[in-house]
1. For residues that are modelled with pLDDT of 95 or more and either exposed (fewer than 12 other Cβ atoms within 10 Å of the Cβ) or assigned to a loop (DSSP other than H, G, I, E, B) (or both), tally how many sit in segment 44-69.
2. Being under 13 Å from I132 (Cα atoms), of a type outside the set (K, R) and under 18 Å from the mean Cα position of the chain (by Cα) is the filter here; which residues of segment 155-184 pass it?
3. How many of the residues in segment 150-170 are at pLDDT 65 or above, out of contact with any helix residue (DSSP H, G or I) (no Cβ under 9 Å at 6 or more places or on another chain) and either among the hydroxyl-bearing types (S, T, Y) or assigned to a loop (DSSP other than H, G, I, E, B) (or both)?
4. Would you please name the residue that is farthest from G171 (Cα to Cα), looking only at residues in segment 125-149 that are at pLDDT 85 or above and of a type in the set (D, E)?
5. Inside segment 32-41, can you point out the residues that are at pLDDT 90 or above and surrounded by fewer than 21 Cβ atoms within 10 Å (Cβ to Cβ)?
Amino acid sequence: MTAIASRLAVAVLALSVVSAEEAALSLRATVVPAGAAVTVTLFRWSSDAERAPVLAALKAPPPPPAAPAGAAAGRGGRAGRPGGRGASAAPPPSVGARVSAAIKAAPTLGYVWGDGVTGYSIKYAWRAADRIVLITDRRLGAHAPEWALGAGSSPDAEFTLIELRVDAKGGGEGKTSLSANVVMDATANTLALDGYAAAPTMLRITR
């Protein structure tokens, strides 16, 4: 093994092996109903300042309604050339795209590991007494059938929100934005799943 390869191996090992004492959160879970294993390792929780841009992206006012057909036409009823006078303005980014951009800009706080070799960076981490909200910067298992995209998920959202409910013994369940919409929980001042109780369970925490 070359010196460079050796240093890379040590660096990967240092990043991937984090003990429960060193981690802010360390748990294992299985995907329902596929049974695939998932490991969550969190180094620290998001600060208020780090969560603020993500919350602002979701709370931003909706874009104005589209102009009536023909409103962008030039003199004589002719529409302007692309990029020229009278050309239609590019549509504003959707809520899903705005939140995705804010998530990607946030610092990495930990990782979600599945059965594959690729981990998912955790960019948002919030907790209460028995409730945890994590957000990854990519869609979990985009190419894996056990993470099927549900009807409630925004198609242009690149992130995945995971909401966990943990009991006193360390067990519990998790649900994700792959099958539910993401909303603002104004009381807790965090992003959350819309209608958590009705959303299907996707994770069983096994510790």
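1. 6
2. Hits for segment 155-184 are L161, I162, E163, L164, E173, G174, T176.
3. Number of matching residues: 4.
4. Checked segment 125-149; the qualifying residue farthest from G171 (Cα to Cα) is D137.
5. Listed by number, the list holds a single entry, T39.
The values are calculated or read from the model by the stated rules, or taken from the named source; none is laboratory data. Owing to the predicted nature of the structure, the values given are computational and were not obtained by experimental measurement. Please note: Cβ atoms are built from the backbone with ideal geometry, for glycine as well, and neighbour counts cover all protein chains shown.
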